[in-house]
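The values are calculated or read from the model by the stated rules, or taken from the named source; none is laboratory data. Computed from a predicted model, the values in this text were never measured in an experiment. Positions of Cβ are backbone-derived with ideal geometry, glycine not excepted, and every protein chain shown enters the neighbour counts. For the accessible areas, the whole protein counts, side chains as well, though only heavy atoms, and no ligand, DNA or RNA atoms are used. Shrake-Rupley method; radii C 1.70, N 1.55, O 1.52, S 1.80 Å.
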Amino acid sequence: MISQSWVNHGNELKLFLPKEFNFQENIKYLARNHNECLFHIDNNCIYKAIPIGEETPIIEVRSEDKNHLMIRFLGDSKPTCEKMSDAVARYVGEWFDLERELSPFYSMAEKDPLLSKTVKSFYGLRIIGIPDLFEALCWGILGQQINLSFAYTLKRRFVEKFGRCVMHNGVTYWVFPSPKDIAGLPVEELESLRMTKKKSQYLIGVAQQMADGKLSKEMLLDIGDHKRAEKMLVQIRGIGPWTANYVLMRCLRYPSAFPMDDVGLQNALKLLLGKDKKPNKEEIMKLAVYWTNWESYATFYLWRLLY
């Protein structure tokens, strides 16, 4: 990890960026679906409400130059203390994976026949994270066995029915529901959003585990090993290897997490290889032989080829 730092500029925070970061590449990724409900992009700026303890600051994230990101607080949502400012800066830093030293990944990828052109095309792209574990698990479950467009539709319905919102200048900013918001709901409430009964049960089950303190981000991070963390996650009903590795990749930031069963990854490899069929698991393992400890970034960059 590299050292991430920031300074307070009154109503704004200035984050110092690592060399291997390109704001335009990251904002292109964030803009890939118009139905996103937890942030919006306008005039090359990202707007989002971030729940920090009892406060919910609304922020604008923009690129100052190639070395800095600026975080501006909208309205009266400016943090009331330095600790809150630090929490917001850390959230944005985690969202964009700014502490990751990517030069070893690029050194490996430039020599890899499948990754070399991809990393040149999207240089500076980071794995856009989902810092909140419950949100990451829900998104993984919602996306199971449906297309991405419908997954976004389900997420919007879920957030707008069970989440909360804050307003600024007539714009609504939604905040993802907490485990406590979902844990006590009957399955029928989620089914009314056109979710399957099983998905509804899975989401409520995960919420109950987190609300009861049986599962947390800290627990998974303390394990310190992605295989052991995966083993813990797949014991939860509704979470298989794909969902577990997706969460390990985008929330817990294990660089060796590898959602090998992902259809998008398979389609990207099929495209690059010029094949008629998607590669199977054994073929993917052979193709990924040099990606050790960077499987998550290799996967993310290959996904990028598809949109």
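Before moving on, here are some points about what is shown:
- Residue count for segment 206-238 under the criterion of being within 28 Å of Arg157 (Cβ to Cβ), of a type in the set (A, V, I, L, M, F, W, C) and either open to solvent by 20 Å² or more (accessible area, probe 1.4 Å) or out of contact with any helix residue (DSSP H, G or I) (no Cβ under 8 Å at 6 or more places or on another chain) (or both): the result is 3.
- Looking across segment 267-307, just one residue is over 19 Å from the mean Cα position of the chain (by Cα), surrounded by 19 or more Cβ atoms within 10 Å (Cβ to Cβ) and aromatic (Phe, Trp, Tyr), and that is Trp291.
- Some residue of segment 135-147 being assigned to a helix (DSSP H, G or I), touching a Cys at 6+ places or on another chain (Cβ under 7 Å) and farther than 30 Å from Met108 by Cα: no
- Enumeration of residues in segment 171-205 that are surrounded by 15 or more Cβ atoms within 10 Å (Cβ to Cβ) and either on the phi > 0 side of the Ramachandran plot or in contact with a strand residue (DSSP E or B) (Cβ under 6 Å, 6 or more places away or on another chain) (or both): Tyr173, Trp174, Val175
- Ser116 meets each of the listed conditions (1) more than 21 Å from the chain's Cα centre (by Cα); (2) open to solvent by less than 30 Å² (accessible area, probe 1.4 Å); (3) farther than 27 Å from Ile284 by Cα apart from (3).
- Check on Gly129, in a loop (DSSP other than H, G, I, E, B), farther than 29 Å from Gly53 by Cβ, touching a helix residue (DSSP H, G or I) at 6+ places or on another chain (Cβ under 8 Å) and touching a residue at least 60 places away in the same chain (Cβ under 8 Å): no
- Answer from Arg62, Arg90 - the residue that is assigned to a strand (DSSP E or B), open to solvent by 50 Å² or more (accessible area, probe 1.4 Å) and modelled with pLDDT of 90 or more: Arg62
- Test: residue in segment 102-109 that is at pLDDT 95 or above, assigned to a loop (DSSP other than H, G, I, E, B) and open to solvent by 50 Å² or more (accessible area, probe 1.4 Å): no
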